[in-house]
Amino acid sequence: MKTLQWTLTIIKPDAVRKHGIGDIIEQFEKNGFRILCMKMLEISKHQAEQFYAVHAGKAFFNSLTDFMSSGPIVVLALEKENAIADLRKLMGATNPANAEEGTIRKKWATSIELNAIHGSDAEDSARFELSYFFAGYELAQ
Ligand code: CMP
(Lines give C-alpha, C1' and ligand atoms only; values in the text may rest on other atoms or scores of the structure.)
Protein backbone atom coordinates (compact mmCIF):
# COMPACT_ATOMS: atom_id res chain seq x y z
CA MET A 1 0.00 0.00 0.00
CA LYS A 2 1.29 3.45 -0.88
CA THR A 3 1.23 6.10 1.83
CA LEU A 4 2.27 9.73 1.52
CA GLN A 5 5.13 10.10 4.00
CA TRP A 6 7.56 12.72 5.25
CA THR A 7 11.17 11.92 6.02
CA LEU A 8 14.21 13.80 7.27
CA THR A 9 17.48 13.73 5.42
CA ILE A 10 20.86 15.24 6.23
CA ILE A 11 23.59 15.97 3.72
CA LYS A 12 26.54 15.32 6.04
CA PRO A 13 29.73 17.40 6.50
CA ASP A 14 31.81 15.15 4.23
CA ALA A 15 29.43 15.56 1.27
CA VAL A 16 29.13 19.32 1.87
CA ARG A 17 32.95 19.59 1.90
CA LYS A 18 33.10 17.65 -1.39
CA HIS A 19 30.58 20.03 -3.05
CA GLY A 20 27.94 17.32 -3.25
CA ILE A 21 24.94 19.41 -2.17
CA GLY A 22 23.64 20.26 -5.66
CA ASP A 23 24.02 16.74 -7.03
CA ILE A 24 22.35 15.13 -4.02
CA ILE A 25 19.40 17.54 -4.06
CA GLU A 26 19.01 16.89 -7.79
CA GLN A 27 18.75 13.17 -7.00
CA PHE A 28 15.92 13.86 -4.55
CA GLU A 29 13.95 15.81 -7.16
CA LYS A 30 14.68 13.40 -10.03
CA ASN A 31 13.42 10.55 -7.89
CA GLY A 32 10.09 12.13 -7.05
CA PHE A 33 10.74 13.63 -3.63
CA ARG A 34 9.13 16.99 -2.92
CA ILE A 35 11.23 19.35 -0.82
CA LEU A 36 9.02 20.69 1.96
CA CYS A 37 11.70 22.61 3.82
CA MET A 38 15.48 22.91 3.76
CA LYS A 39 18.25 24.63 5.70
CA MET A 40 22.03 24.70 6.03
CA LEU A 41 23.46 24.88 9.52
CA GLU A 42 26.17 23.66 11.86
CA ILE A 43 25.31 21.64 14.93
CA SER A 44 27.28 21.40 18.17
CA LYS A 45 28.65 18.15 19.58
CA HIS A 46 25.84 18.26 22.17
CA GLN A 47 23.18 18.67 19.48
CA ALA A 48 24.69 15.77 17.49
CA GLU A 49 24.52 13.65 20.67
CA GLN A 50 20.84 14.57 21.11
CA PHE A 51 19.99 13.83 17.48
CA TYR A 52 21.78 10.45 17.52
CA ALA A 53 20.76 9.58 21.13
CA VAL A 54 19.50 6.20 19.90
CA HIS A 55 23.15 5.26 19.23
CA ALA A 56 24.48 6.43 22.64
CA GLY A 57 26.81 3.83 24.11
CA LYS A 58 27.82 2.35 20.76
CA ALA A 59 31.52 2.18 19.92
CA PHE A 60 31.15 4.73 17.09
CA PHE A 61 29.01 7.27 19.02
CA ASN A 62 31.82 9.63 20.02
CA SER A 63 33.41 9.71 16.63
CA LEU A 64 30.02 9.96 14.83
CA THR A 65 29.01 12.99 16.90
CA ASP A 66 32.46 14.61 16.43
CA PHE A 67 32.05 14.16 12.68
CA MET A 68 28.48 15.45 12.53
CA SER A 69 29.52 18.61 14.39
CA SER A 70 32.66 19.12 12.26
CA GLY A 71 31.17 21.45 9.64
CA PRO A 72 28.04 22.60 7.83
CA ILE A 73 25.22 20.17 7.08
CA VAL A 74 22.06 20.55 5.00
CA VAL A 75 18.81 19.22 6.47
CA LEU A 76 15.71 18.67 4.35
CA ALA A 77 12.16 17.55 4.99
CA LEU A 78 11.05 15.44 2.02
CA GLU A 79 7.62 14.21 0.96
CA LYS A 80 6.80 11.26 -1.29
CA GLU A 81 4.72 8.11 -1.29
CA ASN A 82 6.79 5.62 0.74
CA ALA A 83 9.37 8.37 1.30
CA ILE A 84 11.16 6.61 4.17
CA ALA A 85 11.92 3.34 2.37
CA ASP A 86 12.42 4.99 -1.02
CA LEU A 87 14.96 7.46 0.37
CA ARG A 88 16.89 4.66 2.08
CA LYS A 89 16.99 2.83 -1.24
CA LEU A 90 18.24 5.93 -3.04
CA MET A 91 20.89 6.50 -0.31
CA GLY A 92 22.31 2.96 -0.55
CA ALA A 93 23.82 0.83 2.20
CA THR A 94 25.22 2.51 5.34
CA ASN A 95 28.65 1.13 4.44
CA PRO A 96 29.46 2.46 0.96
CA ALA A 97 31.47 -0.71 0.29
CA ASN A 98 28.06 -2.43 0.09
CA ALA A 99 26.19 0.37 -1.68
CA GLU A 100 24.68 -0.36 -5.07
CA GLU A 101 25.68 1.46 -8.23
CA GLY A 102 23.53 4.56 -8.77
CA THR A 103 23.01 5.27 -5.07
CA ILE A 104 24.04 8.50 -3.33
CA ARG A 105 26.44 6.72 -0.97
CA LYS A 106 28.08 4.81 -3.82
CA LYS A 107 28.91 8.16 -5.42
CA TRP A 108 29.64 10.37 -2.40
CA ALA A 109 30.47 8.29 0.70
CA THR A 110 34.00 7.46 1.80
CA SER A 111 33.47 5.05 4.71
CA ILE A 112 30.79 3.70 7.05
CA GLU A 113 31.20 6.87 9.12
CA LEU A 114 31.85 9.45 6.40
CA ASN A 115 28.79 8.21 4.54
CA ALA A 116 27.51 11.43 2.98
CA ILE A 117 23.84 11.26 3.91
CA HIS A 118 21.39 10.31 6.65
CA GLY A 119 17.75 9.33 6.23
CA SER A 120 15.13 8.46 8.83
CA ASP A 121 14.71 4.69 9.21
CA ALA A 122 11.06 4.48 10.38
CA GLU A 123 7.94 6.61 10.92
CA ASP A 124 8.62 7.24 14.61
CA SER A 125 12.24 8.26 14.01
CA ALA A 126 11.11 10.48 11.09
CA ARG A 127 8.69 12.27 13.45
CA PHE A 128 11.45 12.83 16.03
CA GLU A 129 14.05 13.85 13.46
CA LEU A 130 11.74 16.24 11.56
CA SER A 131 10.72 17.90 14.79
CA TYR A 132 14.37 18.13 15.89
CA PHE A 133 15.27 20.38 12.95
CA PHE A 134 11.98 21.98 11.88
CA ALA A 135 9.23 23.80 13.76
CA GLY A 136 5.60 23.00 12.95
CA TYR A 137 5.08 26.31 11.17
CA GLU A 138 8.02 25.60 8.83
CA LEU A 139 6.39 22.38 7.67
CA ALA A 140 2.89 23.83 7.41
CA GLN A 141 1.39 23.41 3.95
P1 CMP B 1 23.27 7.24 9.65
O2 CMP B 1 22.32 6.77 8.62
O3 CMP B 1 23.42 8.70 9.83
O4 CMP B 1 22.88 6.60 11.06
C5 CMP B 1 23.83 6.41 12.09
C6 CMP B 1 25.23 6.62 11.62
O7 CMP B 1 26.21 6.01 12.41
C8 CMP B 1 25.41 5.95 10.26
O9 CMP B 1 24.71 6.65 9.28
C10 CMP B 1 26.90 5.97 10.13
O11 CMP B 1 27.40 7.23 9.73
C12 CMP B 1 27.32 5.72 11.57
N13 CMP B 1 27.67 4.32 11.79
C14 CMP B 1 26.86 3.26 11.78
N15 CMP B 1 27.56 2.14 12.02
C16 CMP B 1 28.85 2.52 12.17
C17 CMP B 1 30.04 1.84 12.43
N18 CMP B 1 30.05 0.52 12.60
N19 CMP B 1 31.17 2.55 12.54
C20 CMP B 1 31.15 3.90 12.38
N21 CMP B 1 30.03 4.62 12.13
C22 CMP B 1 28.90 3.93 12.02
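The values are calculated or read from the model by the stated rules, or taken from the named source; none is laboratory data. A quick note: this is a predicted structure, and the numbers were derived from the prediction, not measured. Positions of Cβ are backbone-derived with ideal geometry, glycine not excepted, and every protein chain shown enters the neighbour counts. Surface areas here come from the heavy atoms of the whole protein model, side chains and all, with no ligands, DNA or RNA. Shrake-Rupley method; radii C 1.70, N 1.55, O 1.52, S 1.80 Å.
Hey, among LYS107, LYS89, LYS80, which residue is of a type outside the set (Gly, Ala, Ser), closer than 23 Å to THR3 by Cα and in contact (Cβ under 8 Å) with a residue 60 or more places away in the chain? Can you show your working first?
On the way: LYS107 fails: closer than 23 Å to THR3 by Cα; LYS89 fails: in contact (Cβ under 8 Å) with a residue 60 or more places away in the chain.
Sole residue among the options that is of a type outside the set (Gly, Ala, Ser), closer than 23 Å to THR3 by Cα and in contact (Cβ under 8 Å) with a residue 60 or more places away in the chain: LYS80.
Do we find a residue being open to solvent by 30 Å² or more (accessible area, probe 1.4 Å), away from the ligand (no atom under 16 Å from the Cβ) and within 14 Å of the chain's Cα centre (by Cα) anywhere in the stretch 43-51? Break it down stepwise before answering.
First, pick out the residues of the stretch 43-51 that are open to solvent by 30 Å² or more (accessible area, probe 1.4 Å): 44-47, 49-50.
After this cut, where a residue has to be away from the ligand (no atom under 16 Å from the Cβ) as well, the list is 44, 46.
Within this subset, residues satisfying the condition of being within 14 Å of the chain's Cα centre (by Cα) are none.
No - not one qualifying residue is present in the stretch 43-51.
Open to solvent by less than 10 Å² (accessible area, probe 1.4 Å) and away from the ligand (no atom under 11 Å from the Cβ) - does that describe any residue in the stretch 54-61?
Filtering the stretch 54-61 for residues open to solvent by less than 10 Å² (accessible area, probe 1.4 Å) gives none.
No; the residues of the stretch 54-61 include none that is open to solvent by less than 10 Å² (accessible area, probe 1.4 Å) and away from the ligand (no atom under 11 Å from the Cβ).
Taking the stretch 97-128, which residues are open to solvent by less than 20 Å² (accessible area, probe 1.4 Å), more than 10 Å from the ligand (Cβ to nearest atom) and within 20 Å of PRO13 (Cβ to Cβ)?
Passing the criteria: ALA99, THR103, ILE104.
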